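Colleague: One structure, as structure tokens, below. Some questions next.
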Amino acid sequence: MWNVIGQPKAVELLRHSLESGRLAHAYLFVGQPHVGKATLAINLAQALNCEQGIEPCGQCRSCLRIAAGKHADVQIIGRLPDTGSGEAGPKKEISIGQIRELQQAAGLRPYEGKHRVFIIDSAEHLNEESANCLLKTLEEPPPEVLIILLAANDARLLPTIVSRCQRVELLPVPANTIEQELVEHRQIEPDKAKAFSRLCRGGIGWAISASLNERLPQERSLRLNELQELVTTSLDKRFDFATKLAAQFNKNRDSVEEVLRLWLDWWRDLLLVKEGCAEFITNVDQEETLVQHSEGYNVAEIRHFIEAIRAALEQLEQNANPRLVLEVLMLSIPNREEERIKRPSA
Ligand SMILES: [Zn+2]
């Protein structure tokens, strides 16, 4: 059974290719963090090596060993140790040494299964040297070898790499699919399931982790509070924050983009509340605070800042100077009209 959730198109495509014996030599699974890329890659590795047929049965020795990360012919490269917070730790580049090891192993016959499968997690972290090295294997793939690259953003990969892989896009999982999964298969209370299914913004892996680990949603709230405080703090403190975030960007750009997306969601929610569409907000656990905050701005100010965050994300994507981008963003924070709200009507 394919156990990736909410990706019927991707599963159908792979299943069809397996049935017709037309699997590509290399795939690129693209989709936002926690959407199911690694689960799908493991499923495909199981399907190729399953002892029961061409579906991943999930029960045979081979499927079980692959799921447990113990199968000699299935390797995951570039995976980060789980920090337990659901957020990846500092990311490291995938070195040329790791790719050379892959090439060496790819030249050997499968050891215990039928196919050797190499999964390259966070393929954005291939540096130029290692990407060029990998190209050789992608150009002349050894028989019985499948390479699967996982990436949140394929714009960061060398175009020559992308063009040699079959691209499979994983779309955000609909909130109701996630809610149903949490309630029906993971026995999560309906209220919690509803909240997590919205908060994860289509990244079902986050919702599942959050339902197992209370710290995740708590950390998220803390980070949101920190962002909200920026709104009322002095410009100096905002610049300090920008400096801190820019330093973090150099070590782990994904985590900085994640902060900005969190902020973007918050401001989008403010707009929804302001326009009387609170039922569509992402931060369902913060509705009261959102209502309070929404009083401090007009629609144009909220829209303007949403655009500013979007622009910052785009500029970071295009490798603009992170400190400059973040400082400009700090300058764009609209002033809350707190005085006006608090002042008793005279
Ligand atoms: Zn099996």
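Where a number appears in this text, it was derived from the coordinates with a stated rule and is not lab data. What you see is a predicted model, and the numbers here were worked out from it, not measured in a lab. FYI the Cβ positions are ideal-geometry reconstructions off the backbone, even for glycines, and counts take in every protein chain you see.
Colleague: Could you sort the peptides 19-25, 331-337, 42-48, 98-104 by per-residue average Cβ neighbour count (10 Å cutoff), highest mean leading?
Modeller: Details: 19-25: 12.3, 331-337: 14.4, 42-48: 25.4, 98-104: 16.9.
Averaged packing, sorted descending, gives the order 42-48, 98-104, 331-337, 19-25.
Colleague: Can you give the angle from 0 to 90° between the axis of helix 96-106 and the longest principal axis of the chain, with both taken from C-alpha atoms, to the nearest 10?
Modeller: Result, in degrees: 40.
Colleague: Take the alpha carbon gyration tensor of segment 183-233, find the square roots of its eigenvalues, order them as a ≥ b ≥ c, and report rounded if a/c is under 1.5; if not, report prolate when a/b exceeds b/c, else oblate.
Modeller: On the way: a/c = 2.82, a/b = 2.59, b/c = 1.09.
Prolate is the answer for segment 183-233, as a/c is 1.5 or above and a/b outweighs b/c.
Colleague: What is the count of Lys pairs in the chain whose alpha carbons sit under 18 Å apart, if the two are 8 or more places apart or on different chains?
Modeller: Details: 9/37; 37/91; 70/114; 91/244; 91/251; 92/251.
Number of lysine pairs found: 6.
Colleague: Let me know the shape class of segment 286-339, please: from the alpha-carbon gyration tensor, a ≥ b ≥ c as square roots of the eigenvalues, rounded when a/c is under 1.5, otherwise prolate if a/b is greater than b/c, or oblate.
Modeller: It comes out prolate by the Cα gyration axes.
Colleague: Another question, then. Place the peptides 317-323, 11-17, 119-125, 281-287 in order of packing, highest mean first, counting for every residue the other Cβ atoms within 10 Å and averaging per peptide.
Modeller: Details: 317-323: 13.4, 11-17: 15.6, 119-125: 23.6, 281-287: 18.9.
Ranking, from highest mean packing down: 119-125, 281-287, 11-17, 317-323.
Colleague: Angle, helix 322-332 long axis vs. longest principal axis of the chain, Cα atoms, 0 to 90°, nearest 10?
Modeller: 30
Colleague: Now for a separate question. Which whole-number percent gives the relative contact order of segment 90-218, counting Cα pairs below 8 Å spaced six or more residues apart? Walk me through the numbers on the way to the answer.
Modeller: Numbers: 130 pairs, mean separation 25.3, N = 129.
In percent, rounded to a whole number, it is 20.
Colleague: Same structure, new question: Scattering from the C-alpha atoms of segment 116-270 alone, worked out with Debye: what is log10 I(q)/I(0) at q = 0.20 1/Å?
Modeller: Normalising to I(0) and taking log10 leaves -1.21.
Colleague: Let me ask something additional. Could you give me the radius of gyration and the Dmax of segment 214-334, taking only the C-alpha atoms into account and expressing both in angstrom?
Modeller: Rg and Dmax of segment 214-334, Cα atoms, are 14.1, 40 Å.
Colleague: Divide by every residue of the chain the summed helix terms, -39500 (n - 2.57) for each DSSP H run of at least 4, and state the resulting mean residue ellipticity at 222 nm, rounded to the nearest 500 deg cm²/dmol. Mind dumping the intermediate values first?
Modeller: Details: 16 runs with 191 residues, N = 346.
Calculated from helices alone, the mean residue ellipticity at 222 nm is -17000 deg cm²/dmol.
Colleague: Using a ≥ b ≥ c from the Cα gyration tensor of segment 8-169 (square roots of the eigenvalues), is it rounded, prolate or oblate, where a/c under 1.5 gives rounded and otherwise the larger of a/b and b/c decides, a/b for prolate?
Modeller: Details: a/c = 1.37, a/b = 1.25, b/c = 1.10.
The shape class here is rounded.
Colleague: If we restrict to alpha carbons, what Rg and Dmax does the chain come to, in Å?
Modeller: 22.6, 84
Colleague: List every residue whose amide H lies under 5 Å from the amide H of residue 127, counting only residues 5 or more places away in sequence or on a different chain, with H placed 1.01 Å from N in the peptide plane.
Modeller: Under 5 Å from the amide H of residue 127 lie the amide H atoms of 94, each far enough along the sequence or on another chain.
Colleague: May I pose another question? Over segment 1-85, what portion of Cα pair distances is larger than 18 Å, expressed as a whole percent? Walk me through the numbers on the way to the answer.
Modeller: On the way: 1570 of 3570 pairs.
Roughly 44 percent, rounded to a whole number.
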